[in-house]
1. From Cα pairs below 8 angstrom and at least 6 apart in sequence, can you work out the relative contact order of the chain, rounded to a whole percent?
2. Helix 6-16 against the longest principal axis of the chain: what's the angle in degrees, Cα atoms only, rounded to the nearest 10?
3. Computed from the mean reciprocal separation of all distinct C-alpha pairs, what Kirkwood hydrodynamic radius does the chain have, in Å?
4. Using the Karplus curve 6.51 cos²θ - 1.76 cosθ + 1.60 with θ = phi - 60°, work out ³J(HN,Hα) for each residue of the stretch 37-53 in order, rounded to whole Hz, and write x for Gly and Pro.
5. Might you report the magnitude of the Cβ-based charge dipole of the chain about its Cα centre, with Lys and Arg at +1 and Asp and Glu at -1, to the nearest 20 debye?
6. Work from the charge dipole of the chain (Cβ charges, +1 for Lys and Arg, -1 for Asp and Glu, about the Cα centre) and give the residue of His8, Phe44, Asn34 farthest towards its positive end.
7. Would you list Asp78, Asp49 from fewest to most Cβ contacts within 10 Å?
8. Take the Cα atoms of the stretch 38-81, find their three principal axes, and give me the spread along each one in whole Å, biggest first.
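Just so it is clear, none of the values below were taken in a lab; they were calculated from the coordinates. The structure presented is a predicted model; accordingly, all values stated were derived computationally and were not measured. Because the Cβ atoms are built from the backbone with ideal geometry, glycine has one as well, and the counts that use them run over all protein chains shown.
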Amino acid sequence: MTIYKIEHVVEMVEESKGTSNPVQFVWEYTNANNNKPMFAVFTFTCYCDIYESPAVLNPVCIYENGRFAYKYAYLNEDYNE
């Protein structure tokens, strides 16, 4: 699923926790068609095709194993502890 705002990504991650199909990966990338940053969200049952899409440039995995990484690490609950 393609998402345009990190706030919506966070909502999806939170809403999926404790379900039978939580978010497994979130990738940030540049959309080759409009040159805008976007996010791709993959749950456990979704096939991750991030490297197969011709519209995806410079993908970076920003969420895996229940944790945000890189510039989004501040979104983890224990970031300021």
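1. 27 percent
2. The angle comes out at about 50 degrees.
3. Evaluated over the chain, this radius sits at 13.0 Å.
4. Karplus values, whole Hz, x for Gly and Pro: x, 9, 10, 10, 10, 10, 8, 4, 8, 8, 6, 7, 10, 4, 8, 9, 7.
5. It works out to roughly 240 debye.
6. Positive-end residue among those listed: Asn34.
7. Asp78, Asp49
8. 40, 23, 12
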